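Structure record follows, encoded as structure tokens.
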Amino acid sequence: MQLPSSQDIIDDLAFFDDWEQRYQYIIDLGKALPGLPEEARTADRLVKGCQSQVWLVSRSQNGRLQFDVDSDAIIVQGLLALVLAAYNDKTPRQILDFDIDQYFEALDLERHITPTRGNGLRAIVAKINGLARNAVH
Amino acid sequence: MSLDVTALRQQFPILKTQIDGKPLIYLDNAATTQKPQAVIDALVEFYTTCNANVHRGSHHLSDEATRRYEKARTTVARFINANVNEEVIWTSGTTESLNIVAHGLAQKLQSGDEVIITEMEHHANLVTWQQACIKSGASLVVIPISEDGELDLAKFKAALNNRTKLVAFPHVSNALGTINPIKEMTAMAKAAGALVSVDGAQGIAHGGVDVQAIGCDFYSFSGHKLFGPTGIGCLWGRKDVLEDWPIWQTGGEMIADVEYQQTTFGTLPFRLEAGTPNISGAIGMAAAIDWFMGLDQHAIQTHEKALLTRANELAADMQGLRLIGTAKNKVGIMSFLLDGAHPADIGFILDRQGIAIRTGDNCAQPLMKRLNIPGTARASFSIYNTIEEVEAFFRALKKAQTMLA
Ligand SMILES: Cc1ncc(COP(=O)(O)O)c(C=O)c1O
């Protein structure tokens with residue numbers, strides 16, 4: 001699937017005026033995002049959330065980082081699609097420079113990325129940033 | 001007389017909260033209950049009028065604080081029908097209470113001894129005993145439950161023997177809502193000569209706990225699940241057992257005589273209460289009990305039953321909904337799964353509609369594994385919930401089902 005850009009997503013979500021449409025959009029994004037095959041959902045790739053689980057696979061291609069993710073919860077998968085729209089196929093520098101909190105605020109979804117939410121999203125963001133930092137050094 | 005729920009709700013300021021413009025529907029009562037104004041007032045009043053440290057009284061305020069703090073102990077003792085006040089030990093909550101028992105037990109256990117628990121434990125009533133067994137070389141024996149979430153009493157009885165040193169079980173399961181036959185189980189365990197520790201975290205809020213009638217040795221509970229503050233709870237233990245139970249923490253308040261190389265410890269209840277206690281918490285917890293006991297107990301029990309009955313009716317009508325925990329004898333805790341919907345997704349969509357439920361493993365990972373499920377969504381009802389809220393919850397659930405389909 002071709003992910004929309006982070007700006008496209010901000011524009012799309014701004015267009016909806018009720019929460020149901022917004023959540024439906026996120027659910028649909030989650031459904032469209034290809035997950036990981038069973039055998040790729042290994043323990044070392046698992047980012048444990050308290051309520052849902054998230055797996056992350058990364059590789060580097062031509063100086064850009066590529067990510068594949070999966071979650072057992074569809075809304076988390078949709079939120080991950082939003083995260084990947086910002087981070088996927090970007091250089092480590094671009095990743096480190098991106099303000100994810102501001103992005104989620106612009107999406108009016110900041111509550112989902114607060115550290116207190118046990119959905120694994122924050123942990124994924126930290127992991128991606130860690131990978132980017134390693135790549136820069 | 002039936003319960004005037006509208007008037008009851010007026011006493012809980014937080015229930016007026018709006019979430020995203022929708023009235024809060026609080027259905028996470030098994031995690032913690034909300035606090036009535038009477039409890040909030042008691043906390044404010046304590047700090048406003050008589051804050052001082054207790055049992056160090058050389059002045060008026062300290063005497064007054066000590067008087068109220070010890071009166072709170074009496075309130076708890078009466079509430080659970082303890083024999084004497086010294087049997088009530090203040091703790092930070094159920095978890096600390098269970099740790100006091102497990103820590104002491106670990107010193108008494110030897111390899112070959114057995115500790116019995118059940119498949120329906122909260123981690124607090126599992127990891128504690130597990131670690132005591134690991135330290136001492138004793139074995140942990142786990143009694144199975146049925147698919148409905150009822151304990152297998154025949155297996156329980158069969159597991160008891162002269163190596164059984166302690167039996168631990170929950171009064172009520174936080175994940176399944178099952179009310180266990182604790183008197184019967186205690187009698188069986190006592191006949192085998194074992195100590196009995198009841199995890200009362202979920203049992204206490206439903207009233208009518210009588211530790212003498214139960215016949216157990218320990219009963220642990222938290223204030224916050226009983227309309228009281230967080231950070232306060234109790235360990236009730238039989239006096240003859242607690243009197244020489246291994247000390248828990250050491251420090252001030254729990255001593256009689258201190259020299260550099262040795263200490264004589266104090267007597268009950270202080271020997272198990274080191275340091276400055278949670279004074280306001282104890283007073284707040286007593287205020288919660290006084291408030292609770294001021295309610296018509298029969299009316300609130302009828303109301304709680306009505307909420308669960310209505311929820312069960314609506315659950316039976318809902319396609320794709322599977323209840324987790326269908327014991328005959330249950331409190332208003334409803335764990336469930338929806339076909340094709342992850343509990344976390346259900347939680348997200350309910351939250352957006354102002355409805356607070358719990359999702360996840362319910363602090364009972366081995367139980368989830370035993371039931372072969374990743375976790376559940378859980379709605380838990382309290383006395384201030386209304387039938388309308390239960391109905392709104394199911395409407396919201398249907399919306400979640402449609403959106404996630
Ligand atoms: C059955 C059960 N046991 C123990 C506990 C632990 O209680 P606390 O966290 O108040 O110490 C809980 C709380 O959820 C519980 O439900």
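Hey, what angle do you get for helix B:387-404 against the long axis of chain B, alpha-carbon based, 0 to 90 degrees rounded to 10?
Once rounded, the angle reads 60 degrees.
For segment B:310-342 and segment A:8-29, write down the distance between their C-alpha centroids in whole Å.
Centre-to-centre (Cα) distance: 31 Å.
So how do B:11-23, B:104-116 stack up, highest first, on mean other-Cβ count within 10 Å?
The packing order, highest mean first, is B:104-116, B:11-23.
What distance in nm separates the two pseudo spin-label positions at residue B:328 and residue A:42, each 7 Å out from Cα along the beta-carbon direction?
Here the answer is 5.1 nm between the modelled labels.
Report, largest value first, the span of the C-alpha coordinates of the protein assembly as shown along each principal axis, in whole Å.
72, 57, 56
Ignoring ligands, DNA and RNA and using a 1.4 Å probe, state the total buried accessible area between A and B in Å², rounded to the nearest 100.
Approximately 1600 Å², summed over both chains.
Given Cβ point charges of +1 (Lys, Arg) and -1 (Asp, Glu) and nothing else, what value in debye, to the nearest 20, does the dipole of segment B:92-243 about its Cα centre take?
380 debye
Counting only Cα atoms, I'd like the Rg/Rh figure for segment B:50-293, Kirkwood definition for Rh.
Rounded to two decimals, Rg over Rh is 0.98.
Using a Gaussian network for chain B with springs between C-alpha atoms less than 10 Å apart, which of these wobbles most: B:373, B:333, B:357?
Maximum among the listed residues: B:373.
Percent relative contact order of chain A, based on C-alpha pairs within less than 8 angstrom and at least six residues apart?
26 percent.
Across 5 Å bins from 0, what is the distribution of all Cα-Cα pair distances for segment B:285-358, in whole percents?
In whole percents, the pair-distance histogram is 3, 12, 17, 20, 18, 13, 10, 6, 2, 0.
Apply 1/(1 + (r/R0)^6) to the Cβ-Cβ distance of residue B:240 and residue B:140, taking R0 = 30 Å, and write down the FRET efficiency to the nearest 0.05.
Numbers: r = 26 Å, r/R0 = 0.87.
Approximately 0.70, to the nearest 0.05.
Quantify, in whole percent, the carbon and sulfur part of the accessible surface of segment B:50-293 (1.4 Å probe; protein heavy atoms only).
On the way: 4620 of 9380 Å².
Accessible surface attributable to carbon and sulfur in segment B:50-293 totals 49 percent.
Around residue B:334, which amide H atoms from residues at least 5 apart in sequence, or from another chain, sit under 5 Å from its own amide H, with H modelled in the peptide plane?
Sorted by chain and number, the residues that satisfy this are B:379, B:380, B:381.
Build a GNM of chain B with springs between Cα atoms under 10 Å: which of B:269, B:36, B:170 gets the top mean-square fluctuation?
With Cα springs under 10 Å in chain B, the top fluctuation among B:269, B:36, B:170 is at B:269.
Would you please give the FRET efficiency between residue B:262 and residue B:127, computed as 1/(1 + (r/R0)^6) with r the Cβ-Cβ distance and R0 = 30 Å, to the nearest 0.05? Don't skip to the end; give the middle numbers.
Details: r = 33 Å, r/R0 = 1.10.
So the FRET efficiency works out to roughly 0.35.
Run through the DSSP bridge list for the protein assembly as shown and note the antiparallel percent, rounded to the nearest 5.
If I count the DSSP bridges inside the protein assembly as shown, around 70 percent turn out antiparallel.
I need the phi-derived Karplus couplings for segment B:248-262: 6.51 cos²θ - 1.76 cosθ + 1.60, θ = phi - 60°, integer Hz, Gly and Pro marked x.
Going residue by residue, I get 9, 9, 10, x, x, 6, 9, 10, 10, 9, 10, 10, 4, 9, 7 Hz, with x marking Gly and Pro.
Could you work out the mean count of beta carbons from other protein chains within 10 Å of each residue's beta carbon in B:221-227?
Across the residues of B:221-227, the mean count of other-chain Cβ atoms within 10 Å is 0.
Among the listed pairs B:155/B:369; A:31/B:22; B:135/B:165; B:183/B:328, give every one whose C-alpha distance is greater than 23 Å. Please report the intermediate quantities before stating the final value.
Working: B:155/B:369 20 Å; A:31/B:22 28 Å; B:135/B:165 15 Å; B:183/B:328 17 Å.
Beyond 23 Å between Cα atoms: A:31/B:22.
What list of ³J(HN,Hα) values in whole Hz, one per residue of segment B:130-137 in order, does the Karplus curve 6.51 cos²θ - 1.76 cosθ + 1.60 (θ = phi - 60°) give from phi, with Gly and Pro shown as x?
Each residue of segment B:130-137 in turn: 4, 5, 4, 5, 4, 5, 9, x Hz.
Pick out, from B:138, B:57, B:115, the residue whose Cα sits farthest towards the positive end of the charge dipole of segment B:50-293, with +1 on the Cβ of Lys and Arg and -1 on the Cβ of Asp and Glu.
The one lying farthest along the dipole's positive direction is B:57.
Accessible area per residue for segment B:50-293 in Å², computed with a 1.4 Å probe and the full protein assembly in place, what is it?
On a per-residue basis, 38 Å².
Going by amide H atoms built from the backbone, whose H comes under 5 Å of the H on residue B:118, apart from near neighbours?
B:143
Using a 1.4 angstrom probe, figure out how much accessible area chain A has per residue, in square angstrom, rounded to the nearest whole.
Details: 6810 Å² over 137 residues.
Ligands and nucleic acids excluded, the figure is 50 Å² per residue.
I'd like to know which of B:88, B:180, B:167 lies farthest towards the positive end of the charge dipole of segment B:50-293, counting +1 on Cβ of Lys and Arg and -1 on Cβ of Asp and Glu.
B:88
Assign one of three labels to segment A:21-128, namely rounded, prolate or oblate, based on the Cα gyration tensor with a ≥ b ≥ c the square roots of its eigenvalues; rounded applies when a/c is under 1.5, prolate when it is not and a/b is larger than b/c, and oblate otherwise.
rounded
Tell me what the protein assembly as shown gives for mean residue ellipticity at 222 nm when only DSSP H runs of n ≥ 4 count, each as -39,500 (n - 2.57), the sum divided by the residue total, rounded to 500 deg cm²/dmol.
That comes out to -12500 deg cm²/dmol.
Short version: ³J(HN,Hα) in whole Hz for each residue of segment B:176-189, in order, from phi by Karplus 6.51 cos²θ - 1.76 cosθ + 1.60 (θ = phi - 60°), x for Gly and Pro, what are they?
Those phi angles translate into 10, x, 4, 8, 7, x, 5, 5, 4, 5, 5, 4, 4, 5 Hz.
Of the listed pairs B:225/B:305; B:108/B:239; A:48/B:398, which have alpha-carbon separations greater than 20 Å here? Write down the numbers at each step before the final one.
Details: B:225/B:305 18 Å; B:108/B:239 18 Å; A:48/B:398 28 Å.
Correct reply: A:48/B:398.
Looking only at other chains, what is the average number of their beta-carbon atoms within 10 angstrom of each beta-carbon in B:396-404? Numbers along the way, then the final one.
Values: counts 0, 0, 0, 2, 1, 0, 2, 6, 8.
Mean shielding count: 2.
Roughly speaking, what is the centre-to-centre gap between segment B:73-137 and segment B:201-267 when only Cα atoms are used, to the nearest Å?
Centre-to-centre (Cα) distance: 9 Å.
Of the candidates B:230, B:263, B:302, which one comes out as most mobile in a Gaussian network treatment of chain B with C-alpha springs shorter than 10 Å?
Among B:230, B:263, B:302, the largest mean-square fluctuation in the Gaussian network model of chain B belongs to B:263.
The values are calculated or read from the model by the stated rules, or taken from the named source; none is laboratory data. On a predicted model such as this, the values are computed, not experimentally measured, just so you know. Every residue, glycine among them, receives a Cβ derived from its backbone with ideal geometry; neighbour counts consider all protein chains shown. These accessible areas exclude ligands, DNA and RNA; they are computed on the full protein's heavy atoms, side chains included. Shrake-Rupley method; radii C 1.70, N 1.55, O 1.52, S 1.80 Å.
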